[in-house]
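Following: one structure in structure tokens, then a few remarks.
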Amino acid sequence: MSTRKMLRRFILPLTIFPVFTTLVFKFLTARIHSGMDAGLKAQCEAPDSPYALSYTGFPKVDARLCGIVAVFQTTMSEPAGLQFLYYGLGSGAILFLFPYLEASRARKTLLLAFPIAWILFAQVATIAFTLSIYLPLFILTGSHDRTKKREDGKITRAHAESLFFAVIVGYFVPSFGMLILKDPEVTALWQIFPVIMSVAAGLHLLIRRPSKLSAGSTLIQVVLMGIFIIASSTHFATIWPIIGDYAALKTLFLPSLLPLPASTSTGLLALDFLKWDLYFAFTSLSVATLWFTSTTAQFFGLLAWYAVAVPMSGPGAAITGALIWREAQL
């Protein structure tokens, strides 16, 4: 293996992504201990707490769930927080879909074959931290490079259909149900949406058995185009009404470089936490897509795409556009 290939395949991913992991851990931990953890604990220990419910019947699990539910419920109690969650879940669908997409391919490494494990881990450890571990493994195992063995990257029609069914039933329905209903039990249910996605996909595959002769590449591109439209529409709908209002844009999108004062409301502390989580996740996945390029022209072309598409259509749509291009190459 040449020095250049060694650098690209092993050295760079083992250098870049651990930096993301470290930054994610540092920034998110700092925000948890800046007063957010105390605020969430107070929310769950209050005698009349609406979040301290018997979600599973197991006290220790329910206590853990209460804190997670309180993160989203208190964020939704803030106008900017609710708007940001709509934006994050609408534009960030690709962050959760990507591991399922890669696990649908004909040949995949065992480490990446069970997306339910990765996304359930993300529900506890955050999506940014999870992707900072998943993505270097994705590159180190060669899963990013399907140009020499195109059959390895093939997705059957049945798997493509199951992915489409899973993302609608398992992701969008629970996500927007949580935001519309604002009910703690629905928010708790959202935490297991990866299970719902996997069950939905599995049931579809039981009914529609996969055939190696039926290619699903066109449908996968249609699914990705749908994700692109949802993400870009969410971006437009959020940005356009406040495009000239810098203060509103800052409140909604810009996280604080330093942890907010402990006296800040728990909802705003949680919002700042979620902003950093989303931005680190978008950054990690967008950087990983640079490994899909095979020439210098493609590399700088993808960078130019991000420079234009991120402000125009949002990071989620920009990354999805890169994945549509990659799927066409496969």
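The values are calculated or read from the model by the stated rules, or taken from the named source; none is laboratory data. Quantities reported herein were computed from a predicted structural model and do not represent experimental measurements. Positions of Cβ are generated from backbone atoms using ideal geometry, with glycine treated the same way; all protein chains shown enter the neighbour counts. The accessibility values were calculated without ligands, DNA or RNA, using every heavy atom of the protein model including side chains. Shrake-Rupley method; radii C 1.70, N 1.55, O 1.52, S 1.80 Å.
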Discussion item. Give the aspartates and glutamates reachable from residue 108 as a straight Cα distance under 12 Å; neighbours fewer than 8 places away on the same chain don't count.
Written reply: 145, 151, 152
Worksheet item: Let a ≥ b ≥ c be the square roots of the eigenvalues of the Cα gyration tensor of the chain; is it rounded (a/c under 1.5), or, if not, prolate (a/b larger than b/c) or oblate?
Response: prolate
Worksheet, complete the sentence: Distance in Å, no decimals, from the C-alpha centre of the range 275-330 to the one of the range 41-88 is 33
Discussion item. Connecting C-alpha atoms closer than 10 Å in a GNM of the chain, tell me which of 142, 316, 90 has the biggest fluctuation.
Written reply: 142
Worksheet item: Can you pull out the trypsin sites (Lys or Arg not before Pro) in the range 81-136 that DSSP calls coil and that have at most 15 other Cβ atoms within 10 Å?
Response: 107
Worksheet item: Using a Förster distance of 51 Å, how high is the FRET efficiency between residue 240 and residue 111, based on the Cβ-Cβ distance and rounded to 0.05?
Response: 0.80
Item to complete: Can you work out the accessible area per residue across the range 24-96, with the rest of the protein chains kept in place, probe 1.4 Å, in square angstrom?
Response: 46
Discussion item. Which one, 24, 167, 308, has the greatest fluctuation when you compute a Gaussian network model over the chain with C-alpha springs under 10 angstrom?
Written reply: 308
Worksheet item: If the limit is 22 Å between Cα atoms, which of 182/275; 250/275; 5/154; 26/275 go over it?
Response: 5/154
Worksheet, complete the sentence: The summed charge of the residue 133 Cβ neighbourhood (under 15 Å; Lys/Arg +1, Asp/Glu -1) stands at -2
Practice prompt. Report the extension gain between residue 182 and residue 42 in nm, rounded to one decimal, defined as 0.36 nm multiplied by the number of residues separating them, less their alpha carbon distance.
Written response: 48.4 nm
Worksheet item: Using θ = phi - 60° and the Karplus curve 6.51 cos²θ - 1.76 cosθ + 1.60, what whole-Hz ³J(HN,Hα) does each residue of the range 240-255 get, with Gly and Pro shown as x?
Response: 4, x, 10, 4, x, 9, 4, 4, 5, 5, 5, 4, 7, 10, 8, x
Worksheet item: Once phi is turned into θ = phi - 60°, what whole-Hz ³J(HN,Hα) does the Karplus curve with 6.51, -1.76 and 1.60 give for every residue of the range 288-296, x standing for Gly and Pro?
Response: 4, 5, 5, 6, 6, 7, 10, 9, 4
Fill in: Zone of residue 26's modelled label, taken as backbone nitrogen in the range 95-138 under 18 Å from a point 7 Å along Cα→Cβ
128-130, 132-133
Discussion item. Show me, for the range 68-84, the HN-Hα J-couplings you get by feeding each phi into the Karplus relation (A = 6.51, B = -1.76, C = 1.60, θ = phi - 60°), rounded to Hz, glycine and proline as x.
Written reply: 5, 4, 5, 4, 6, 5, 5, 5, 5, 6, 9, x, 5, x, 5, 5, 5
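For the range 188-290, which whole-number percentage of the solvent-accessible area (1.4 Å probe, protein heavy atoms only) is attributable to carbon and sulfur atoms? Working shown, then result.
On the way: 3780 of 5110 Å².
The nonpolar share, carbon plus sulfur, comes to 74 percent.
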Worksheet entry | Amide hydrogen neighbours beyond the local backbone of residue 156, cut-off 5 Å, H modeled | 216
Practice prompt. Pop a pseudo-label 7 angstrom from the Cα along the beta-carbon direction at both residue 206 and residue 229 and give the gap in nm to one decimal.
Written response: 3.1
